[in-house]
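For reference, the structure is listed below as structure tokens.
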Amino acid sequence: MAGLEEDERLLDENNHEGRNTRRMHPLLDPSHLLHRILVLMFMCFLGFGSYFCYDNPAALQKQVIQDMGLNTSSFMQLYAWYSWPNVVLCFLGGFLLDRVFGIRLGTIIFSLFVCVGQVIFALGALVNHFWLMNMGRFVFGIGGESLAVAQNTYAVNWFKGKELNLVFGLQLSMARVGSTVNMNSMGAVYDSMKTALGQTGHFTLGAALMIAGSTCVFSLLCALMLGYLDRRAERILNKEQGKTGEVIRLTDVKDFPLQLWLIFIICVGYYVAIFPFIGLGQVFFIEKFNFTPTQARAVNSIVYIMSAPASPLLGLMVDKTGKNIIWVLVAVVTTLISHMMLAFTFWNPWIAMVILGLSYSLLACALWPMVAFVVPEHQLGTAYGFMQSIQNLGLALISMAAGAILDSKGYLLLEVFFCACICLALIAVVVLYFVDYLRCGELNLSAAARARLQKTNSSESELARQMRKRSQEELTRLKHLSPFGIRNRYLSRLGAQLPDNYSIHLSSLAYRSLLR
């Protein structure tokens with residue numbers, strides 16, 4: 001009787017909790033789509049401040065050089081100092097999020113690094129100390145790339161399956177929106193501060209950069225809200241805290257195939273001709289094409305403007321068609337054409353920059369997924385970490401080299417240098433095509449052929465799993481056999497006739513009882 005009353009009480013409690021869950025507003029229910037859309041909004045704005053402030057130097061290139069009394073080589077150190085910490089942190093970011101801080105605390109800590117770095121950067125301009133500005137960019141870099149890893153981890157934790165592709169596309173688009181808004185607004189912010197203070201100079205520059213830092217504070221607030229919502233969802237839905245899933249083993253590097261090293265070369269050769277060019281582009285368009293500063297900032301930001309809507313669409317196209325190497329080849333060739341148009345013609349630069357924006361988006365959609373086709377899953381963390389590390393090392397070195405070339409030789413030779421980097425990437429793409437063809441790889445398979453191959457591999461894996469299971473069962477049965485039983489089993493497999501009272505499954509104890 002007491003047991004029946006206890007069961008009824010528990011049933012009433014469960015019904016009461018169910019009614020509470022049903023009464024929960026959709027925006028407050030972690031399992032409801034509206035709530036996840038709210039979380040997605042905070043995810044997208046989580047990296048907004050980082051991407052906005054990353055290209056502050058590019059948006060204010062002329063002002064930074066004039067107000068701080070720099071040459072171009074010194075100016076490009078602002079980008080190099082951002083990249084230096086990420087040569088190492090690409091390997092450690094996932095580990096810190098998984099094993100040390102956790103995704104929620106780690107996101108807040110990396111957001112704080114971004115905020116503090118931007119404040120130090122602006123403070124360096126306020127007090128007219130360029131070394132302090134470089135230190136600020138270094139601190140900013142510590143948080144910037146790792147914050148992107150945290151952003152992706154939140155996405156994987158909250159969204160699954162087909163939703164995830166759309167979420168990644170939206171996050172990338174919002175990042176590019178941040179870069180675009182920076183390119184087209186920081187000049188106006190600087191002019192407003194110049195009017196308010198009645199002067200130009202390092203103090204005006206520092207004030208403008210400090211205002212830009214407000215976007216980093218906004219992203220920090222998004223990190224705090226995400227942490228709260230994720231902890232609340234963990235409590236209500238009994239779900240685990242998200243993890244990056246990255247496993248970094250430096251010993252895996254020796255097992256990397258040739259195709260992966262060629263992908264690394266393409267990555268470095270391509271991106272060092274994009275980001276340093278954008279960092280120096282504003283003055284280039286002013287000097288060569290006689291653009292106004294506003295026009296120069298607009299055309300310099302077109303790469304980011306194009307990538308915002310184009311990335312999800314081009315990613316879908318690559319998913320549907322396959323042929324990744326061909327698409328990478330198209331992206332590299334069209335990028336080379338764009339740089340040659342900018343270097344050797346006086347055609348309207350909008351044409352070249354629109355082509356460059358589409359090519360940049362296409363390469364990102366086709367190149368980065370190829371890593372997963374050439375290394376096993378347990379090496380993906382190491383492969384992507386190594387790829388990002390080499391990319392940041394290349395960006396740090398080439399940024400300083402680009403500044404030195406521009407100071408000594410001018411924009412024409414700088415564009416020739418960028419074309420040479422693209423040619424290196426082009427050679428690596430051609431070699432990758434032939435290596436993949438000779439090794440019967442799947443990098444250049446169509447989407448349909450790749451799906452058939454994956455289905456075949458899946459069937460073979462299932463067959464191998466079943467065979468392993470059967471072997472384990474066989475070994476388990478053999479463990480229970482005596483030497484006498486194993487010998488008789490072997491003789492029966494050979495076709496030898498055994499006496500009727502012999503059984504291959506008899507234990508030695510049962511056999512001895514038969515002899516008595």
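Rule-based calculations on the coordinates, nothing more; no lab input. Just so we're clear, the structure is a prediction, and the values are computed from it rather than from any experiment. Methodologically, a virtual Cβ is constructed for each residue, glycine included, from the backbone with ideal geometry; neighbour enumeration extends over all protein chains shown.
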Exercise. Please provide three numbers in whole Å: the alpha-carbon extents of region 75-143 along the principal axes, with the largest listed first.
Key: 40, 21, 11
Practice problem: Could you tell me which of rounded, prolate or oblate describes region 200-319, using a ≥ b ≥ c as the square roots of the eigenvalues of the alpha-carbon gyration tensor, with rounded for a/c under 1.5 and, failing that, prolate when a/b is larger than b/c and oblate otherwise? | Solution: oblate
Quiz prompt | Relative packing of 410-422, 68-80, which averages over residues the other C-beta atoms within 10 Å, highest first | solution = 68-80, 410-422
Practice problem: Quickly work out the His129-to-Ile236 label distance, labels modelled 7 Å from Cα along the C-beta direction, and quote it in nm with one decimal. | Solution: 4.8
Exercise. Over every pair of different alpha-carbon atoms in region 164-205, take the mean of 1/r and invert it; report that Kirkwood radius in Å.
Key: 12.2
Quiz item: Do you know the relative contact order of region 257-401, to the nearest whole percent, from alpha carbon pairs under 8 angstrom that are 6+ apart?
Solution: 36
Quiz item: Across region 109-117, in residue order, what do the Karplus-derived ³J(HN,Hα) couplings come to in whole Hz, using 6.51 cos²θ - 1.76 cosθ + 1.60 with θ = phi - 60° and x for Gly and Pro?
Solution: 5, 5, 5, 5, 4, 5, 4, 5, x
Exercise. Sticking to Cα atoms, compute the Rg of region 55-200 to one decimal and its Dmax as the biggest Cα-Cα distance, whole number, in Å.
Key: 17.4, 55
Quiz prompt | Sorted largest first, extent of region 289-400 alpha carbons per principal axis (Å) | solution = 53, 36, 23
Exercise. Could you pull out every residue, at least 5 positions away or on a different chain, whose amide H is within less than 5 Å of the one on Ser446? Hs are placed 1.01 Å off N in the peptide plane, and Pro or chain starts have none.
Key: Lys323
Quiz item: In nm, to one decimal, how far is the Val431 label point from the Leu34 one, both placed 7 Å along Cα→Cβ?
Solution: 5.7
